[in-house]
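To keep things clear, I will list the structure first and then write my remarks on it.
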Amino acid sequence: MPARRPRRSDPAAPHDDGPAVLDHASADGLRPNGTGADRPRRSRRRLWIVCGQLALLVAFVGAWQGLAQAKVIDVFFFGEPSGVWRQLSTWVQSGTAEGPLWMQAWVTFQETLIGFGIGVALGVTFGILLGRIQVLADLLSVYIGAANSIPRIVLGSVFVIWFGLGMTSKVALVVVLVFFNVFFNAFQGAREVDHGLVANARQLGAGRIAVLLQVILPAAFSWIIASLRTAFGYAVTGAVVGELLGAQQGLGTLIAQAQGDFNPDGVYAGLLVTTTLALAAEGAITLVERRLLRWRPQRPQSP
Amino acid sequence: MRRSVHCDPEGPGATAPPPSLTLRGVVKRFRGPNGRTRTVLDGLDLTVKPGEFMALIGPTGCGKSTVLSLISGAARPDGGQVLVGGEPVSGADPRTGFVFQQDAVFPWKTVLANVAAGPRFRGVDRKDAETRAHDWLHRVGLSGFEHYYPHQLSGGMRKRVALAQTLVNEPRLLLLDEPFSGLDAQTRQIMCDELLDLWEGTGASVVLVTHDLEEAIALADSVAVLTAGPTAVKKEFAVDLPRPRRVREIRFRQRFVELHEQVWSCLSDEVRIAYARTTTAAV
């Protein structure tokens, strides 16, 4: 599987961005982050975009509802937005068959987060170790490659047999899905670390551990963070699919039950809650990314 | 006249005398991509006296940087000896500082953290390390830029950070690998003058690798011309220009012009050989 490139500029060449300022420049002579003149224009444009996005949503939902009411599409199979809304309010007001809605969401969220955490930790650790220690890479790369080509979602069934219907089997599936995603990026990131930076750190007096923690890890971080978004998507998928395969709690269970009841609105409602969770978490990842990658030049705003 | 050694109250290292450096019959080979070994250094002899500023000059690709990596302990010679202060080099020596050709400041650390990194790696606690970093940032003229990230600085400013980062460790042997190669001519001159000022305050032994002859003569006490690979020292020239020097002015002195003439006539043959080799290799 090819490693994903970092989203912004290449970390190996973070300096080649735009013209450098003159030497002896004063602090205010530095490159500004955006000129004041085009700021109102940009914010007006932004407003238009958001309005357009909302219009698209309204048009889609409206068309769906309209077609359902005009009996062009069959509500029995395809559901309708008002049905989804009714299903959601029922769940919120009187709870689901498994208990309150927030509880189901919390179960899924927990599985996602725990699995994501473990998967990322393992992926980063192994990725960096194999990226830096050639012998380990030579020994293990065959097996990691082989494991990567297993259709891993199927492992969910195995985990249900091993760990039962509880949370552990879902967490295990999430870990497996997240691990490979993060591993390959961390591996590539650790390999691509600028040799000069390592040499410099050594010469300045850094030991092996300091080089690892203060040079390799931050350098590989642009690569790792690029994989976290997709990895989180996989984490949510893993948790929900794990629940679909067999569970007593969680959003996946709700979806599975709705499916069993021929209730498409219930499936959509479950999906909606799942998506909301995933989006919120992705927002959190973006915040973490901004905080941790402050040192990188900002990508020029795309038009 | 030799420069006086200022004692730095913050670092005990500065009180130590600068070490001598001896390379005796040094051989270094590399395995090429086709599996054949290529001899880069062949019987290189070089002596740098304590506190001396030595410039190595030679055609491109002649293995100048290899000499520095052997002295720094990053690489080992395949033959001969590399002695710092009379002792064979093994691994990174805490007395040695190395300013690399490429930008090697850590892009994820602020300017202050970059300069404090050396002392921090060596076990100095954060507060002391930052005090020393502030001091060196002041000396290289970067006060006020402590909390900037390297990408927010110009090339010349990043070079200053690199210099401060190395000098804060108070190296007694300073290795400079074409330290100003990426900079424009004016910035280069300014940086050369600043380097001289900083060095005259520390009294360390220096080995400067460069392909700029004017820079070599203007900065160094002696200039060693290297042969086009396999590399050895062809000839050494003593630069008997008075110190303190101003790089911008010294170029117009009669003695500078004479030295330039002499060293260039020695160097130009090697440059021609190296050039001929690159063009025939391309055919």
>> Defining a contact as two alpha carbons under 8 Å apart and six or more residues distant in sequence, what relative contact order in percent does chain A show?
In response: 26 percent
> Which net charge results for the neighbourhood of A:GLY246, defined as the other residues with beta-carbon distances under 15 angstrom from its beta-carbon, given Lys and Arg at +1 and Asp and Glu at -1?
Replying inline: -2
> By how many degrees, between 0 and 90 and to the nearest 10, does the Cα long axis of helix B:155-167 differ from the longest principal axis of chain B?
Replying inline: 80 degrees
> Measuring from centroid to centroid over Cα atoms, what is the spacing of the stretch B:65-111 and the stretch B:172-237 in Å?
Replying inline: 16 Å
> In bins 10 Å wide, starting from 0, what share of all Cα pairs of chain B does each bin hold, as a percent?
Replying inline: 6, 28, 35, 23, 7, 0
> Taking each residue of B:121-133 in turn, how many C-beta atoms of other protein chains fall within 10 Å of its C-beta, and what is the average?
Replying inline: 1
> Using alpha-carbon positions, what is the distance between the centroids of the stretch A:79-110 and the stretch A:127-152, in Å?
Replying inline: 41 Å
>> Just checking the output field for B:91-102: average partner chain Cβ neighbours within 10 Å of each residue's Cβ?
In response: 3
> Between the helical axis of B:126-139 and the dominant principal axis of chain B, each derived from Cα atoms, what acute angle in degrees is found, rounded to the nearest 10?
Replying inline: 60 degrees
> Taking Cα centroids, how far is the stretch A:206-224 from the stretch A:248-292 in Å?
Replying inline: 35 Å
>> How shielded is B:145-158 by partner chains, expressed as the average number of their Cβ atoms within 10 Å of its Cβ atoms?
In response: 5
> When Lys and Arg each count +1 and Asp and Glu each count -1, what net charge do the other residues less than 12 Å away from A:LEU67, Cβ to Cβ, add up to?
Replying inline: -1
> Cα-based Rg of chain A per 2.2 N^0.38 Å, rounded to two decimals?
Replying inline: 1.24
> Under a straight-distance cross-link criterion of Cα-Cα below 22 Å, which lysines are reachable from B:LYS109, leaving out those fewer than 8 residues away in the same chain?
Replying inline: B:LYS127, B:LYS159
> So how tilted is helix B:254-282 from the main axis of chain B? Cα-based, degrees 0 to 90, rounded to 10.
Replying inline: 70 degrees
> When Lys and Arg each count +1 and Asp and Glu each count -1, what net charge do the other residues less than 10 Å away from B:LYS28, Cβ to Cβ, add up to?
Replying inline: +1
>> Are there DSSP H segments in chain A that both extend 18 Å or more along their axis (alpha-carbon positions) and score a mean Kyte-Doolittle hydropathy of at least 0.5? List them, or say none.
In response: A:101-132, A:134-148, A:167-191, A:217-245, A:264-292
> Normalised by the number of residues in chain B, what is the relative contact order in percent for Cα pairs under 8 Å and 6+ residues apart?
Replying inline: 26 percent
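Each value in this text was obtained by applying a stated rule to the coordinates, not by laboratory testing. This one's a predicted model, so the numbers in the text were calculated from it and none came from an experiment. Virtual Cβ from ideal backbone geometry, glycine too; neighbours counted across all protein chains shown.
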